[in-house]
Structures are given as C-alpha cells and as structure tokens.
Amino acid sequence: MNDAIRNTIFVEDATVIHQLDFPEDQFILRLHAPQCAAQARPGMFAHVRCDADIPMRRPLSIMRSAPGEGSVDFFYKIAGPGLQALSQAETGDRISILGPIGNGFRLHQKNSVQLMIGGGVGIPPIVFLAEHLRHGGKRALSPAVFMGSELPFPFETTPSVLPLTGISQTTTATMPLLEDLEIPARLASLQGYAGCYQGYVTDLARDWLESLRSESLREIEVFACGPEPMLHAVALMASEFGLPCQLCLEEYMACAVGGCAGCTVAVHTDSGVTMKRVCVDGPVFEAAAIYTGEGDP
C-alpha cells in the first residue's frame, strides 16, 4: 500500500448516532467517527466490524460525511449474518471501523457537467459526490443525478421542481436531499413506483444525453456506482457518446488494505492487462480501463 493511502486510514472506535431502517432490510447508519469524517472523499469506503463475535469486517461505501460534526453515514442492505448483526446496533453502541479507504472520484478540469448514476447499494457514493460538488467546489459545476432501484428507495421520494431537459414530465420523483441542494435528479425503477421512470436508470440517463446538443455533450463527464451489469451499460454508453467515465466498483474483500489481494480486477493499461486491487488501487477506476469492449469481464 502506498504511503499516501496508508497515512489517511484510521482504526476508529466509532459511536452509533442513529440507525434508520427502511423496507426490504435496508438501513442508513450514522456514526460519530471524527477521523474518518475528516478524511473521507466521495468514492471511498470504510471496513466496518459488524459484531464483536464476527471477525470479518464488511466494506461499506460512505454516503455522507460531516467533518464539523465528526459523523459519517452508510447505507446498506442486509446480506448475510454480518450485516444482519450490524442492523441490530443501537444509539450509543461502539463499532470499530477502518477507514476511509481507497481512491475516490476525480474531477477533470475541462468538464463542467457531472452526470452521476447510482444503482441500488451503489447509490451512496453518488449522493456523497453530489453533495460534495455542491458544497466544496470552487468551479462552476452543473451536476445531474439519476438513481435506480428495484427495492423501495431508502428515503421518502418527493416530486422535483428542478427542470431536466429530455426527461418525460411524468418522471418527477427525486431524493429530498438533492432537491434541497438544488441538484436536478430523477429516479428510475421497473417496479412502478410513483413518479419514477419506468425502466433502467441507464435508459433514463440515455434519454437525457440524447436530448443534448453536441456542444453540451463535450462538457460532460460521467460517474457511476452500482451492480456490475449497470456499470457495464454505463461504460458502453459513455464510450458511445465519447464521454470520460469513472466507475466505483463493489467487490467482496477480506483485509481491505491491499494485503490479501482478494479483490483484484483486471485493468487494461498501455502495457497490457494488469490486476489491480479494488480496495486501495480503486475502488474508482476509469471505465475504459475496465470495459474495453473486447473480452470484457
């Protein structure tokens, strides 16, 4: 692991501020973890100990960070005994976390429009990035967010009043946090949820891109996190439109600090294919290095 990453990872005994539960075993956990909060950047994650009796930690993407309050938020869905145990944590409980870990999203100086696409448990890094762009950027930025889920969204949706060209007027559902930040966002699902685009989130994003003029397309860069089929579709779409694209990958991992090499992924470089560790070399990679269109994983 390189020193730049090593020096910003902390083992921290965090305290549960609160935990909110949502339908279909979905949870948002807020922890008081000042060191993690101070260093967290969009795209990073933490390795969380779910229970004292379960030695293996679980990687959870950071959804929000409030350095002033020393808090970090995580969104997760129960999958296995570890996260089942974590869902039982209550206010005041102590939880060991290792983080923040990894290389996050990077903005290109020449692009002023950020198209952000999140799917399922890949929504957290997109929320974090959107909020970061609104609060932290010195440049004039124009983010647009599309999020998809086949489960009820982990928030009460609200109709958006912020315009997005090329989007059907019946597609109005958005995330209240993003609406309050005045970030145009729309939701997609195949489940018929009110106000949502009836289809895949990548199809919704494509509708928006196709509505733009060529000079507007030149200003766009794409950021995405979600299940592998969605990321593959995003990469192909970005390539088709000639857009730079970064993907935040999700992988099972044991150590999360580069020692076990259990989360490697094939990355295409100028000198050939090499194996990179999602935990410390990623989790964010250039889409063109992961999906080349030739023998994609």
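Observations
- Using Cβ point charges alone (K and R +1, D and E -1), the dipole size of the chain about the Cα centre works out to roughly 660 debye.
- The modelled label-to-label distance for the pair Thr269/Glu251, using points 7 Å beyond Cα in the direction of Cβ, is 1.4 nm.
- Among Asp207, Asp13, Asp270, the ranking by other beta carbons within 10 Å of each residue's beta carbon, starting with the fewest, stands as Asp270, Asp13, Asp207.
- Working from label points 7 Å from Cα in the Cα-to-Cβ sense, the Glu156 to Gln84 distance is 3.2 nm.
- Packing-based ranking of 223-233, 64-74 yields 223-233, 64-74, ordered from highest to lowest mean Cβ neighbour count within 10 Å.
- Using the Cβ of Pro124 as centre and a radius below 12 Å, the other residues enclosed give a net charge of -1, where K and R count +1 and D and E count -1.
- Net length available on complete extension from Asp13 to Thr170 is 51.9 nm, with 0.36 nm assigned per residue and the Cα-Cα distance removed.
- 14 Å cut-off, amide nitrogen to a point 7 angstrom out along Cys260 Cα→Cβ, residues in segment 6-50: 47-50
- A straight line joining the Cα centroids of segment 84-140 and segment 235-297 runs 18 Å.
- Simple spin-label estimate for Ala38 and Ser142 gives 3.8 nm between the two label positions (7 Å along the Cα-to-Cβ direction from each Cα).
- Per-pair calculated FRET efficiency, R0 = 22 Å: Asp203 and Ala288 via Cβ, rounded to 0.05: 0.50
- Burial order of peptide ranges 213-222, 144-153, 255-264 (average beta-carbon count within 10 Å, highest first): 144-153, 255-264, 213-222
- Charge sum, other residues only, whose C-beta stays under 15 Å from Met253's C-beta, Lys/Arg counted +1 and Asp/Glu -1: +2
Read the figures in this text as sums done on the coordinates, not as results from a lab. Every value quoted in this text rests on a predicted model; they were computed, and no experiment measured them. Backbone-built Cβ (ideal geometry, glycine too); neighbour counts: all protein chains shown.
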